[in-house]
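What follows is a short report on a single structure.
The values are calculated or read from the model by the stated rules, or taken from the named source; none is laboratory data. Everything numeric here is computed off the predicted structure, so don't read it as measured data. Note that we place each Cβ from the backbone using ideal geometry, even for glycine, and neighbour counts take in every protein chain shown.
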Amino acid sequence: MDWLEALIMGLVQGLTEFLPISSSAHLRVVGELIGAGDPGAGFTAITQIGTETAVLIYFWKDIVRIISRWWMSLPFISRESRVKSSDPDVRMGWMIIVGSLPIAILGLLLESWIDTTFRNLWITVFMLAAFGLLLGWADRVGRRVNTLDKMTWGQAVAFGFAQALALIPGVSRSGGTITAGRLMGFTREAAARYSFLLALPAVFASGFYKAFKAFGDEQAVGWGPTILATLVAFVVGYLVIVWFLKLVTTKSFQPFVIYRLCFAALVAILLIVGVLQPLAGLVS
């Protein structure tokens, strides 16, 4: 991957990570169309560090408050200073931890599939279309009343498994969690906000794990272009967060549903005519 290709891939990552349209699917397709090939699950995971750093900065005050109050609720804190376990921030801290377990466990168990089989573009086409339709249906039938302070432990686990589906390109991390949130009656803003917060532990862990594995790997994408793509993804991703959170307070997810269906159709056509290959150029 050269520098221009890395710049393009960083733009794609930043533009698509937080929208319910699957950044990994876009990186997979765009990479092959511009001649860079499939950048691989490792490149995708590392560049996601950039977009998640944007989340970290945007939600900095919330994150610091949640972590500090969660920490002050632990048993070794003196009774006089300890925060009650019923505190909303303490519960949110635990729910993010619980919600992160499914993707952590499945990510390790299915790592070889994630790096190879799951990246088949026919699977991507199916996931783009199927989860696009599911998102549209969930957004219509969702009761739109629940806020994050009303989340139950069962719902936290359900959010976690929805996020884990994003291990398959085409599902979308935000799309999966937002769809689950709408089906459970959460408002669009609450579902999107929790989607961003829930992604932090998983994405940082995955990104640094893949970065560690990439050291000394001659098949890995070059560090220079990868770092450039990550920096570009950070800047663009931050702007997308600001725009997306304003959008979901007033608009439905219907435009994203239409986009997913059109993108799925385009990829299918390109596969049929031979412009794209289902498993061409895969790297781990």
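The table that follows gives values for the structure above.
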quantity: Filtered residues of region 121-164 (kept if among the aromatic types (Phe, Trp, Tyr) and in contact (Cβ under 8 Å) with a residue 40 or more places away in the chain); calculated: Trp122, Phe126, Phe131, Trp153, Phe159, Phe161
quantity: Selection within region 1-40 - without any contact (Cβ under 8 Å) to a residue 60 or more places away in the chain and of a type in the set (S, T, N, Q); calculated: Thr16
quantity: When residues of region 1-49 are limited to those that are farther than 21 Å from Arg193 by Cα and among the charged types (D, E, K, R), the one surrounded by the most Cβ atoms within 10 Å (Cβ to Cβ); calculated: Arg28
quantity: Hits in region 109-118 (condition: among the aliphatic types (A, V, I, L, M) and surrounded by 13 or more Cβ atoms within 10 Å (Cβ to Cβ)); calculated: Leu110, Ile114
quantity: In region 149-164, the residues that are modelled with pLDDT of 90 or more and either surrounded by fewer than 19 Cβ atoms within 10 Å (Cβ to Cβ) or closer than 16 Å to Ala202 by Cα (or both); calculated: Thr152, Trp153, Gly154, Ala156, Val157, Ala158, Phe159, Gly160, Phe161, Ala162, Gln163, Ala164
quantity: Test: residue in region 165-174 that is surrounded by fewer than 20 Cβ atoms within 10 Å (Cβ to Cβ) and either under 23 Å from Gly42 (Cβ atoms) or in contact (Cβ under 8 Å) with a residue 40 or more places away in the chain (or both); calculated: no
quantity: Residue selected from region 34-58 under the condition modelled with pLDDT of 90 or more and among the aliphatic types (A, V, I, L, M), by the criterion farthest from Ala264 (Cα to Cα); calculated: Ile57
quantity: Which listed residue is buried (at least 21 other Cβ atoms within 10 Å of the Cβ), within 19 Å of the chain's Cα centre (by Cα) and of a type in the set (Phe, Trp, Tyr), from Phe204, Phe186, Phe126; calculated: Phe186
quantity: Residue check for Ser23: farther than 21 Å from Ser174 by Cα and not aliphatic (A, V, I, L, M); calculated: no
quantity: Filtered residue count, region 1-30, keeping only those that are under 19 Å from Phe234 (Cβ atoms) and part of a helix (DSSP H, G or I); calculated: 19
quantity: Of all residues in region 68-108 being in a helix (DSSP H, G or I) and modelled with pLDDT under 90, the one that is surrounded by the most Cβ atoms within 10 Å (Cβ to Cβ); calculated: Gly107
quantity: Residue list for region 249-267, restricted to those being in a helix (DSSP H, G or I) and surrounded by 18 or more Cβ atoms within 10 Å (Cβ to Cβ); calculated: Phe256, Val257, Arg260, Phe263, Ala264, Val267
quantity: Test: Met9 is farther than 30 Å from Phe253 by Cα, modelled with pLDDT of 90 or more and of a type outside the set (Ser, Thr, Tyr); calculated: no
